[in-house]
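The values are calculated or read from the model by the stated rules, or taken from the named source; none is laboratory data. The model shown is predicted, which means the values in this text are computed figures rather than measured ones. Cβ atoms come from the backbone with ideal geometry, glycine included; neighbour counts cover every protein chain shown. Note: areas computed on protein heavy atoms with side chains; ligands, DNA, RNA excluded. Shrake-Rupley method; radii C 1.70, N 1.55, O 1.52, S 1.80 Å.
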Amino acid sequence: TDLKAARLALFMKRLAAFLQVNAAILFSSAISSDEGVAAIGDRSFPANVKVSQWPSSPEAQTYAQELVIQSGGVGIGVGLLFSFFMFWHLCCWGYCCQCFRCCCFKLSVTREGCCFQNACHKYWQLVAGIIVALSFIGLIFVYHNSQPMYGNIDDFFEGADIFLRDAEDFNCKGVVTKLLRNGSSLTELKASYGGVTGLLDLCSGNTTVGTFVKGSMVQMNDTFDAILFMIDTTQNILTALDQTVEKIEEAIVVSRDINVTVFKMLNQSRFIIQHLVDIYESDFAIGHIPLPLDIPTPDEEDFAMPYAAVYALGEANKTMRSVHTTLHKPIATDLGNKTRGSIHVNRNKITTDLVSVGDSILKQIDNLVKMEDDVKDYSEQAQSTKTIGQFAVTTLFSLTTIFLMVMFVGYCIRRNFMICFGAYSIFILFTWFAFIVGIFILLSMIFYDVCGCEGQYDAASCKTIRTLMKTNLDMNMTINDVEVSVAKSIDKLLLCPTRTDVSGNYIYSADSNFVDILGLISAFNFSKEVGKPKSQLLAAKPLLNADTMIQNATERLRLSKNLIARVSIGATYNFDIDGARYTRTKEGHSLGASTYYIKPEVSAYIISNNSLRLTELIGTNRQMGQSRNYLEAAKQRFNVSIESVVISLSNIQLALNNSRDAIDASALSLDDLVAFIMSINRYTPCGFLGRGYQNVVIGSFCEDVFSLFDNIVPGAIICMVSTILGFFIISIMADCVVFQREKTKQLLDARDARLQEEVELLGQPVISVAPSGKDPSSGLLLTESRDLNVHESDEKILSLAEMRSNCPCARVCVLYVQWNAPLHDCSFLCFPSLVPVPVSVSMPVLSYTLTFIRLLIIPFQRIC
């Protein structure tokens with residue numbers, strides 16, 4: 001017997017050591033593992049299969065089977081399995097009925113087992129204590145790892161809010177977002193600020209899409225306005241040509257007028273000369289009036305030059321009319337009609353596209369602001385549950401630990417009822433408990449497989465979730481008739497880096513902006529829209545060249561000017577002096593004609609004729625002087641007109657040159673407009689998307705949520721394993737309590753002199769009961785005690801009737817006194833139950849209350 005006891009003691013010590021080592025291994029592995037329980041097992045997540053196809057996909061079905069198997073049937077399978085074992089365990093050990101105890105489970109068999117002897121009590125107690133402690137360790141671990149839950153929720157909503165605000169600033173930073181946040185609707189803002197373009201004017205920041213779209217509209221309007229101004233300016237060339245032709249025709253009129261004046265002066269000169277010849281032939285003395293040879297007379301050049309000038313002007317006029325005809329088509333038709341119309345059409349097309357993009361930006365901002373409100377509401381709802389929610393997870397896993405503790409306490413104080421109550425509670429709750437653990441294991445596995453981070457929580461390492469997004473994201477965008485697939489570029493978008501300088505300005509790179517990554521640059525290529533007006537401009541450019549003809553006309557004009565300048569008839573001659581001499585001679589001739597003749601005697605007829613001639617000379621001389629003055633004035637007008645026409649031709653030539661240069665500049669400005677709009681990739685940095693993906697999806701979803709479930713699982717498993725071990729071991733240990741109580745009980749007859757003597761020593765009345773006879777349970781049972789300490793109590797011993805009134809459910813009542821306990825700590829025990837019900841002797845109210853409680857648990861008493 002001693003050898004068996006020694007071997008049993010050694011076995012119990014080894015079992016306790018084994019449990020301690022396993023607890024240490026579970027605890028350390030749960031803390032040190034980066035991937036946790038979810039990394040256990042080989043699973044093939046169907047990331048390349050669309051979620052909508054999972055029900056019919058063999059890969060998804062295989063994955064679901066792997067999840068169910070590795071999570072223990074989501075805990076239900078494990079729970080039902082162990083619940084089945086628990087049920088048979090309870091039956092075999094007599095928790096349902098003693099009749100189920102058979103074979104080696106009979107009391108007669110276990111009573112003889114060395115492991116149920118008093119010597120092993122402390123070892124069983126040590127093992128049970130280790131198991132209960134292990135369960136509490138798991139519970140503490142669950143509580144510790146569930147505490148970051150609300151902090152993670154705060155981080156998630158904060159990251160989501162930051163991402164939404166970054167997206168808003170990406171679209172249009174500034175006043176628009178504030179107005180929408182203040183409750184204004186997008187429709188109201190459009191009506192108040194002049195539509196989409198008016199709202200885009202409110203966008204601030206150098207690298208927002210809204211600012212760029214508005215800048216594109218401004219540059220487009222400036223470019224097309226400049227081209228239209230150039231076309232309008234070019235139209236003035238035709239007007240200038242018309243005016244030039246008119247001036248040339250006016251010069252021709254002046255030239256012909258000069259020719260008429262020359263002939264007129266010829267007649268006047270001939271008339272004056274003939275009169276002077278006639279006067280001098282009458283022996284008129286020289287010196288009083290001009291000589292015939294002194295009178296200016298037109299020569300052949302004076303007659304020829306006006307004709308030559310008229311011819312030159314006619315050629316110039318013909319040339320300029322030809323220039324007008326040549327330039328009318330490219331200027332009036334090509335530029336004025338076709339190019340202008342093409343500009344209006346394509347300008348409206350580009351404007352419509354840009355306004356459409358701007359409107360999409362504003363709608364996106366409106367949606368983002370609404371999502372901000374949703375995020376705020378969800379955050380407030382989550383925080384409203386914080387007081388209770390932070391203990392919810394721990395509470396779920398604490399029930400079995402509490403009932404395990406009840407079983408352990410029942411064993412320690414030798415109360416089979418407590419062991420029975422705890423065992424049945426665990427049996428009832430275990431499947432639910434295992435299901436909760438299975439749910440946590442299942443979710444941790446799903447999060448682990450979906451993200452595929454394998455312990456490295458950065459955007460580049462978590463490949464599976466990107467593959468899943470790529471497979472299921474059937475999102476195609478159409479911008480300006482260009483359709484792109486987002487799924488093909490999802491990797492680059494989610495891994496988009498943030499590239500800024502020290503001032504926060506975007507540093508362009510092809511891998512850090514939406515347009516280049518999505519291949520949207522062609523959607524903003526308006527080469528086709530500007531191509532037609534550009535080709536029309538360039539086609540008109542060579543037709544705006546009339547330099548040779550204008551130069552020829554200019555030369556003709558200058559020639560005509562030189563020809564007219566050669567017409568000179570008495571340009572410096574003083575006709576006023578001649579007129580004065582004629583007048584003076586006439587007056588003197590009338591007073592004394594003899595002094596004006598060579599011969600003193602002159603006939604009256606000659607004198608009369610000469611007087612008449614002098615009178616006519618006075619008038620004709622005046623007329624010829626006027627003709628000479630008119631001629632000089634006409635020449636002056638002609639020169640001014642020709643100079644004006646030459647200047648006009650020079651301006652026309654300059655305008656044509658400028659128009660050609662303006663066409664080149666307009667073509668370049670159209671290219672610059674296209675290039676500027678295509679530089680939208682400088683205004684679409686996607687770094688905020690990469691940051692949001694890293695912080696919200698990888699950080700909050702993959703890391704925080706997964707870590708929450710995965711870190712709770714080890715503690716939950718520790719609790720579950722401890723519950724299973726504690727249930728089976730402590731429920732077996734209940735027999736130790738039965739055997740211990742049987743051994744420490746002593747059946748005393750009411751006529752025993754020792755009892756009588758002990759009671760009489762206190763001066764109390766002797767309890768009178770019937771003799772026990774053959775049925776020992778009908779007598780008074782008193783727990784054996786080395787020292788009842790009755791002399792230390794002032795309580796009186798209840799009569800048998802009073803004992804029956806406090807225990808109406810039993811046919812016999814016994815007084816049960818613990819070792820070394822005062823009498824007022826006694827308990828009344830009602831057979832056949834072994835469950836003690838404490839009743840205070842001196843507190844009847846409490847006694848009745850406890851009696852009522854006892855009646856409520858009669859079913860458990862009868863089962864046990």
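In table form, for the structure just shown:
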read-out	value
Qualifying residue in region 504-512 (condition: over 29 Å from Thr351 (Cβ atoms), at pLDDT 85 or above and touching a Leu at 6+ places or on another chain (Cβ under 7 Å))	no
Residue in region 463-485 that is charged (D, E, K, R), farther than 30 Å from Ser204 by Cα, without any contact (Cβ under 8 Å) to a residue 40 or more places away in the chain and in a loop (DSSP other than H, G, I, E, B) present	yes
Filter result for Phe688 (more than 30 Å from Leu537 (Cα to Cα), touching a residue at least 40 places away in the same chain (Cβ under 8 Å), part of a helix (DSSP H, G or I) and open to solvent by less than 10 Å² (accessible area, probe 1.4 Å))	no
Qualifying residues in region 652-670 (those that are polar (S, T, N, Q) and more than 42 Å from the chain's Cα centre (by Cα)) - the one surrounded by the fewest Cβ atoms within 10 Å (Cβ to Cβ)	Asn657
The lone exception for Ile732 - which of (1) in contact with a helix residue (DSSP H, G or I) (Cβ under 9 Å, 6 or more places away or on another chain); (2) open to solvent by 20 Å² or more (accessible area, probe 1.4 Å); (3) modelled with pLDDT of 85 or more it fails	(3)
Unique match (being part of a helix (DSSP H, G or I), closer than 30 Å to Asn681 by Cα and in contact with an Asp or Glu (Cβ under 6 Å, 6 or more places away or on another chain)) among Leu199, Leu179, Leu164	Leu164
Odd one out for Asn48, checked against (1) modelled with pLDDT of 60 or more; (2) in contact with a helix residue (DSSP H, G or I) (Cβ under 9 Å, 6 or more places away or on another chain); (3) open to solvent by 70 Å² or more (accessible area, probe 1.4 Å); (4) farther than 29 Å from Leu468 by Cα	(4)
Close pairs (8 angstrom Cβ cut-off, 6 or more residues apart or separate chains): within 22 Å of Asp547 (Cβ to Cβ) in region 237-256, surrounded by fewer than 24 Cβ atoms within 10 Å (Cβ to Cβ) and among the basic types (Lys, Arg) anywhere	Val245/Arg321
Among the residues listed as Gly579, Gly625, Gly570, the single one being at positive phi and touching a residue at least 12 places away in the same chain (Cβ under 8 Å)	Gly570
Leading residue by the ranking (farthest from the chain's Cα centre (by Cα)) among those in region 316-359 that are open to solvent by 30 Å² or more (accessible area, probe 1.4 Å) and among the aliphatic types (A, V, I, L, M)	Val345
Cβ pairs under 7 Å, 6+ apart, first in region 381-404 and at negative phi, second among the hydrophobic types (A, V, I, L, M, F, W, C) and open to solvent by 60 Å² or more (accessible area, probe 1.4 Å)	Thr401/Phe136
Region 167-204, residues that are within 18 Å of Val355 (Cα to Cα) and of a type in the set (A, V, I, L, M, F, W, C)	Phe170, Cys172, Val176, Leu186, Leu189, Ala191, Val196, Leu199, Leu200, Leu202, Cys203
Hits in region 360-380 - residues which are in contact with a helix residue (DSSP H, G or I) (Cβ under 8 Å, 6 or more places away or on another chain) and surrounded by fewer than 16 Cβ atoms within 10 Å (Cβ to Cβ)	Lys363, Lys376, Tyr378
Residue count, region 285-315 (criterion: open to solvent by 60 Å² or more (accessible area, probe 1.4 Å), part of a helix (DSSP H, G or I) and either over 25 Å from Ala634 (Cα atoms) or in contact with a Phe, Trp or Tyr (Cβ under 6 Å, 6 or more places away or on another chain) (or both))	1
Answer residue from region 619-644, given it is in contact with a helix residue (DSSP H, G or I) (Cβ under 7 Å, 6 or more places away or on another chain), open to solvent by 40 Å² or more (accessible area, probe 1.4 Å) and of a type outside the set (D, E, K, R) and is nearest to Arg558 (Cα to Cα) among those	Tyr630
Every pair of residues 6+ apart whose Cβ atoms lie under 6 Å, when the first sits in region 628-640 and is in a helix (DSSP H, G or I) while the second is surrounded by fewer than 17 Cβ atoms within 10 Å (Cβ to Cβ) and not polar (S, T, N, Q)	Ala634/Asp257
Some residue of region 484-493 being hydroxyl-bearing (Ser, Thr, Tyr) and within 30 Å of Ile465 (Cα to Cα)	yes
Qualifying residue in region 381-399 (condition: open to solvent by 20 Å² or more (accessible area, probe 1.4 Å) and farther than 30 Å from Phe157 by Cβ)	yes
Unique match (being open to solvent by less than 40 Å² (accessible area, probe 1.4 Å), in contact with a Gly (Cβ under 7 Å, 6 or more places away or on another chain), over 28 Å from Val74 (Cβ atoms) and not charged (D, E, K, R)) among Ala487, Ala434, Ala459	Ala459
Count - residues of region 405-438 that are touching a residue at least 40 places away in the same chain (Cβ under 8 Å) and not in a helix (DSSP H, G or I)	2
Filtered residue count, region 596-619, keeping only those that are touching a residue at least 40 places away in the same chain (Cβ under 8 Å) and part of a helix (DSSP H, G or I)	8
Residues within region 691-720 that are of a type in the set (Gly, Ala, Ser), open to solvent by 10 Å² or more (accessible area, probe 1.4 Å) and either in contact with a Cys (Cβ under 7 Å, 6 or more places away or on another chain) or under 19 Å from Leu399 (Cα atoms) (or both), tallied	0
Pair list, Cβ under 6 Å, 6 or more apart: region 266-286 residue in contact (Cβ under 8 Å) with a residue 60 or more places away in the chain and within 18 Å of Ser627 (Cα to Cα), other residue outside any helix (DSSP H, G or I) and open to solvent by 40 Å² or more (accessible area, probe 1.4 Å)	Ser269/Thr297
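Residue-wise test of (1) over 30 Å from Ala565 (Cβ atoms); (2) at pLDDT below 90; (3) surrounded by fewer than 15 Cβ atoms within 10 Å (Cβ to Cβ); (4) out of contact with any Lys or Arg (no Cβ under 6 Å at 6 or more places or on another chain).
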residue	(1), (2), (3), (4)
Tyr193	yes, yes, no, yes
Cys203	yes, yes, no, yes
Val218	yes, no, yes, yes
Leu228	yes, no, no, yes
Asp242	no, no, yes, yes
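Residues are listed down the side, and each one gets a yes or a no for (1) of a type in the set (A, V, I, L, M); (2) over 31 Å from the mean Cα position of the chain (by Cα):
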{"residue": "Val142", "(1), (2)": "yes, yes"}
{"residue": "Asp154", "(1), (2)": "no, no"}
{"residue": "Gly159", "(1), (2)": "no, no"}
{"residue": "Ile162", "(1), (2)": "yes, no"}
{"residue": "Asp166", "(1), (2)": "no, no"}
{"residue": "Asp169", "(1), (2)": "no, no"}
{"residue": "Thr177", "(1), (2)": "no, no"}
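Listed here are the residues, each with its yes/no results for (1) farther than 30 Å from Thr297 by Cβ; (2) touching a Leu at 6+ places or on another chain (Cβ under 7 Å).
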| site | (1), (2) |
| --- | --- |
| Thr208 | yes, no |
| Thr211 | yes, no |
| Lys214 | yes, yes |
| Val218 | yes, no |
| Ala226 | yes, no |
| Phe229 | yes, no |
| Asp232 | yes, no |
| Asn236 | yes, no |
| Val260 | no, no |
